[in-house]
Amino acid sequence: MPIDLPLPTLSDEERAESLRATMARAPDHGEVWVFGYGSLMWNPSFSYIERRSGTVRDHARRFCVLSARARGTPQNPGLGLGLEPSEDDNCCGIVYRLAEHNLDADLQALWLREMTSGIYQPHWLPVATELGEITALTFVVDREHPQYAGGLSAQEKAAIIVAATGHYGPCREYLARTMRELAALGVSEPDFDVLYALVKART
C-alpha cells in the first residue's frame, strides 16, 4: 500500500498558526494537559509535572494512520495509531500536566512532532481521571487526510505492520510497545489482542 506523494506538509507558519489558534481555544483554568494514547504514553516530547491515567469517552484508539517515515517509508508505509470518534467506545491513556515555566518550548516541540502533515487535528477533550475530570489537548485523526487508513481488516493491518520499518524502527516494535503500555494500564482491547497475535504469528 504505497502512499501517494507528495504528502501534505505543514509549513512553519501553518504550524505556528495552528498552535496559536488551538491555545486561543484552551480552557481558562491556567493549566495545560496533554492526552497521550500512542507513543506519547512512553515517549512524551515535553517535560511535565504530573502524570495520570485517564479516559476519553466516545473515542477509539486504532491503527489507522499510514506512516511514511516514523514506522515505514512512502513505498512501504507502516501503521500508526490515531484516535477517532466512536460512539460508546472509550480510550484509556496517559494525561500529562505541562510545566508553566517551559510551556512555550514544550508546545512547540509537541507541534513539531504531531503536526507534520495535518493527519492529526488538535482538540480539547474531557478526560476522566481518578482525581476528577480535566480537559486535555488531544490529537484526533482527520479521516479526510490521505494518510488515513480506516477500514482495514486485522489481516491487512498485520501484513503492513510486519513488513514496515521506518526512522524509529520496525512497526511491529511500535505495536509491541503499545501492548506493553496497555498492559501496564490494566487495559484490554480485544481488537489489539487479535492484531498482536496475527503479527506474532507472521514473525
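Amide H to amide H distances under 5 Å link Val127 with Ile134, Thr135, Ala136, where only residues 5 or more positions off or on other chains count and H is placed in the peptide plane.
Only helices enter the 222 nm calculation for the chain: every DSSP H run of n ≥ 4 contributes -39,500 (n - 2.57), and dividing by all residues gives -10000 deg cm²/dmol, rounded to 500.
Rounded to the nearest Hz, the phi-derived 3J(HN,Hα) couplings of segment 63-70 under the Karplus curve 6.51 cos²θ - 1.76 cosθ + 1.60 (θ = phi - 60°) are 7, 9, 10, 5, 10, 9, 9, 4, where x marks glycine and proline.
Using Cβ point charges alone (K and R +1, D and E -1), the dipole size of the chain about the Cα centre works out to roughly 820 debye. Could you tell me which residue out of Gly78, Thr116, Leu98 lies farthest along the dipole of segment 45-129 toward its positive end? Charges go on the beta carbon: Lys and Arg +1, Asp and Glu -1, centred on the Cα centre. Of the candidates, Gly78 comes out farthest on the positive side.
If you plug the beta carbon distance of His101 and Gln121 into 1/(1 + (r/R0)^6) with R0 = 35 Å, you get a FRET efficiency near 0.80. Largest first, the extents of the alpha carbon coordinates of segment 1-71 on the three principal axes equal 43, 29, 26 Å. In a reduced charge model with +1 at each Lys and Arg Cβ and -1 at each Asp and Glu Cβ, segment 1-101 shows a dipole moment near 400 debye about its Cα centre.
Near Gly166, the amide H atoms lying under 5 Å from its own belong to Gly72, Cys171; only residues 5 or more places off or on other chains count, and H is placed 1.01 Å from N. Dipole of the chain computed with +1 at Lys/Arg Cβ and -1 at Asp/Glu Cβ about the Cα centre; of Phe35, Ala68, Val140, farthest Cα towards the positive end is Ala68.
What is the Cα centroid distance between segment 46-65 and segment 152-178, reported in whole angstrom? After rounding, the separation between the Cα centres reads 20 Å. Computed over the alpha-carbon pairs of segment 1-139, the distance histogram in 5 Å steps reads 2, 9, 19, 22, 21, 15, 8, 3, 1, 0 percent, short to long.
Note on Ser188 and Asp88: their simple-model spin labels are 1.9 nm apart, each label 7 Å out from Cα toward Cβ. Based on protein heavy atoms only, the chain ends up with 49 Å² per residue of surface accessible to a 1.4 Å probe.
The values are calculated or read from the model by the stated rules, or taken from the named source; none is laboratory data. If you're wondering where the values come from, they're calculated on a predicted model, not measured in any experiment. As a convention, Cβ positions derive from the backbone with ideal geometry for all residues, glycine included, and neighbour counts pool all protein chains shown. The protein model used for the area step is the full one, side chains on, heavy atoms only, and it has no ligands, DNA or RNA in it. Shrake-Rupley method; radii C 1.70, N 1.55, O 1.52, S 1.80 Å.
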